1. Calculate what fraction, in whole %, of the accessible area of region 1-84 sits on carbon and sulfur atoms when a 1.4 Å probe is rolled over the protein chains.
2. By per-residue mean of other Cβ atoms within 10 Å, what is the highest-first order of 70-81, 32-43, 103-114?
3. How would region 56-116 be classified by its alpha-carbon gyration tensor: rounded, prolate or oblate, with rounded meaning a/c under 1.5 and the a/b versus b/c comparison settling the rest?
4. Return the distance in nm (one decimal) between the two label points of a simple spin-label model at I118 and K70, each offset 7 Å from Cα along Cα→Cβ.
5. Could you tell me which label, among [x] 1.04; [y] 1.15; [z] 1.09, carries the value of Cα Rg over 2.2 N^0.38 Å calculated for this structure?
6. For region 1-49, report the % of Cα-Cα distances exceeding 17 Å.
7. If a helix is a whole DSSP H run, which ones in the chain reach 27 Å or further along their own axis (Cα) and hold a mean Kyte-Doolittle hydropathy of at least -1.0?
8. I need to check one value: relative contact order of the chain, counting alpha carbon pairs closer than 8 Å and at least 6 residues apart, in percent.
Amino acid sequence: RLLDQVSHPTHYHGRRVRALRIGDPHDLALLQAVSRGEFATAGFRNRDLRCLLCSASAASVVEARRLTAKVTRQLRLLRAHGVIQKIPKTHRYKLTPKGHLLTAALFAARHATLSQLIGHAA
């Protein structure tokens, strides 16, 4: 049920926001980045995600701004689905309880073998 909730489009501040694509490598990389243990206490910033998601540094100011805008849109997507929330009076975000459950369930299912999944279902 948890995966079904985020796999449908939603609205955020009066605008439609696309669904999370559970099988998309870009969305998986984003979810994996925000669920890192180092962000559990202090949260994460746009800058932290930029470093993790794009290994190559931006060569120009225009590319850096484009990358910043892309990560901002990804953060808005996660906020719209209730996966992350903004820490008040900072530029940081943290995972919500729903986000913790979603990332844990998603990566547990992705790393489990078929025989393990069938064994738990029976």
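1. Values: 2670 of 5370 Å².
Roughly 50 percent, rounded to a whole number.
2. Peptide ranking by packing, descending: 70-81, 32-43, 103-114.
3. Details: a/c = 3.40, a/b = 1.55, b/c = 2.19.
Since a/c reaches 1.5 but b/c is at least a/b, the shape of region 56-116 is classed as oblate.
4. In this crude label model, I118 to K70 measures out at 4.0 nm.
5. Answer label, from the structure shown: [y].
6. Details: 588 of 1176 pairs.
Pairs farther apart than 17 Å: 50 percent.
7. Numbers: long enough: 61-80 (28 Å, -0.08).
Answer set is 61-80.
8. Details: 106 pairs, mean separation 29.6, N = 122.
Computed value for the chain: 24 percent relative contact order.
The values are calculated or read from the model by the stated rules, or taken from the named source; none is laboratory data. If you're wondering where the values come from, they're calculated on a predicted model, not measured in any experiment. Heads up, the Cβs are rebuilt from the backbone with ideal geometry, glycines too, and the neighbour counts pull from every protein chain shown. Keep in mind that these areas ignore ligands, DNA and RNA; they rest on the heavy atoms of the full protein, side chains included. Shrake-Rupley method; radii C 1.70, N 1.55, O 1.52, S 1.80 Å.
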